[in-house]
1. Which residue, chosen from L33, Q5, A54, occupies the Cα position most advanced towards the positive end of the dipole of the chain, where the dipole is computed from +1 (Lys, Arg) and -1 (Asp, Glu) charges on Cβ about the Cα centre?
2. Please pull out the direction-averaged projected area of the range 47-100, using the convex hull of its alpha-carbon atoms, in nm² to one decimal place.
3. Any idea of the accessible area per residue across the chain, 1.4 Å probe, to the nearest Å²?
4. Taking 0.36 nm per residue of sequence separation and subtracting the Cα-Cα distance, how much length would be gained by fully extending the chain between Q8 and Q71, in nm to one decimal?
5. How big is the charge dipole of the range 40-100 about its Cα centre, in debye rounded to the nearest 20, if each Lys and Arg gets +1 on its Cβ and each Asp and Glu gets -1 on its Cβ?
6. Note down the nm distance, to one decimal, between modelled labels 7 Å out along Cα→Cβ at V86 and at L98.
7. For the range 18-49 and the range 61-100, what is the separation of their Cα centres, given in Å?
8. Percent of accessible area on the chain owned by carbon and sulfur, 1.4 Å probe?
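The values are calculated or read from the model by the stated rules, or taken from the named source; none is laboratory data. Keep in mind the model is a prediction, meaning the values are calculated, not measured. Don't worry about glycine lacking a Cβ; one is built from the backbone with ideal geometry, like all the others, and counts go over all protein chains shown. Ligands, DNA and RNA are excluded from the accessible area calculation, which covers all protein heavy atoms including side chains. Shrake-Rupley method; radii C 1.70, N 1.55, O 1.52, S 1.80 Å.
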Amino acid sequence: QRMEQVAQQGRLAMVNQHINTTKQIMSDNIDMLLDRHESLEGLQEKSEELNVMAKQFKKRSEQIRRFQQWQNAKHGLLVGTAVTGVVAAVTVPPLVALLG
């Protein structure tokens, strides 16, 4: 009977050790899950910040593109006017002299 008690206590100790090991594994898994959750929240915040920055960049780049187009149009108008003036200055006096 004493041997049977010792054997039962040994089995009980093994079961308790197995339970403790399982509890430790579950505790570690919960800690890792919480760490991943925090990591995912951080990534989500960074993603949202990048999205806002991308929208700002797009808006600003379109403003710059419109500004450049307007500058190019003004320069084109200026060059066109200058070319027209030069052509007129070169061609009008001989025509006036020819007609006059």
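1. A54
2. 3.8 nm²
3. The answer is 95 Å² per residue.
4. 13.4 nm
5. In total the dipole reaches around 200 debye.
6. Placing both labels 7 Å along Cα→Cβ, they lie 2.1 nm apart.
7. Centre-to-centre distance over Cα atoms comes out at 69 Å.
8. 64 percent
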